[in-house]
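Working notes, beginning with the structure itself.
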Amino acid sequence: MLFSLGRLVATPGAIQHLAEHDLTPLHLIDRHGSGDWGDLGVSDKKSNDQAITDGSRILSAYIVAGEKLYVITEWDRSYTTVLLASEY
C-alpha cells in the first residue's frame, strides 16, 4: 500500500452491487491503495499522486458492470470508504 487506509468501510449498496458481480470491496480497496485510481481524468490522478505526500483526501473511481463506485480515503487516513456514486 502506498498510504495508510485507516478503518475500511463500505456502504450496503456497494457491497450488494459488488457481490452481484462476484467481487468484494477489498478488490477495489487493493487497487486504490496501490495507486490504481481507476476511471479518473489525468488531473484527478495527478491530484491523488500529490495527496499521497501532502495528506489530502484520495478518491478513486471504478466502473463495475455499468455502475460507478468510489473509494475515498479521508485526509487524515482514518477511514477508507467504498460507495456507489449515487450514494455520494
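Since every read-out is calculated from the coordinates, none of them should be taken as a lab result. In this text, all values refer to a predicted model and were calculated from it rather than measured experimentally. Positions of Cβ are generated from backbone atoms using ideal geometry, with glycine treated the same way; all protein chains shown enter the neighbour counts.
Among DSSP beta bridges lying fully in the chain, give the percent that are antiparallel, nearest 5. Can you show the working numbers first?
On the way: 12 of 17 bridges.
About 70 percent, rounded to the nearest 5.
Which value results when the Cα radius of gyration for the chain is divided by 2.2 N^0.38 Å? Before the final figure, lay out the partial values.
Working: Rg = 12.1 Å, N = 88, 2.2 N^0.38 = 12.1 Å.
Scaled against compact globular proteins, the figure is 1.00.
Tell me what the chain gives for mean residue ellipticity at 222 nm when only DSSP H runs of n ≥ 4 count, each as -39,500 (n - 2.57), the sum divided by the residue total, rounded to 500 deg cm²/dmol.
Numbers: 3 runs with 31 residues, N = 88.
Computed ellipticity for the chain at 222 nm equals -10500 deg cm²/dmol.
Separation of the stretch 57-88 and the stretch 25-47 by C-alpha centroid, Å? Using only Cα atoms, the two centres lie 9 Å from each other.
Between residue 19 and residue 51, the contour length at 0.36 nm per residue exceeds the Cα-Cα span by 8.5 nm. Highest mobility in the GNM of the chain, judged by mean-square fluctuation with C-alpha springs under 10 Å and restricted to 43, 34, 56, is found for 43. Across all Cα pairs in the stretch 6-51, the calculated P(r) in 10 Å bins from zero up to the longest distance comes to 24, 44, 29, 2 percent per bin. Label-to-label distance for residue 40 and residue 75 is 1.6 nm, based on points extended 7 Å past Cα in the beta-carbon direction.
Just want to confirm a number: the relative contact order over the chain, from Cα pairs under 8 angstrom separated by 6+ residues, in percent. Working shown, then result.
Numbers: 140 pairs, mean separation 31.2, N = 88.
After rounding, I find 36 percent.
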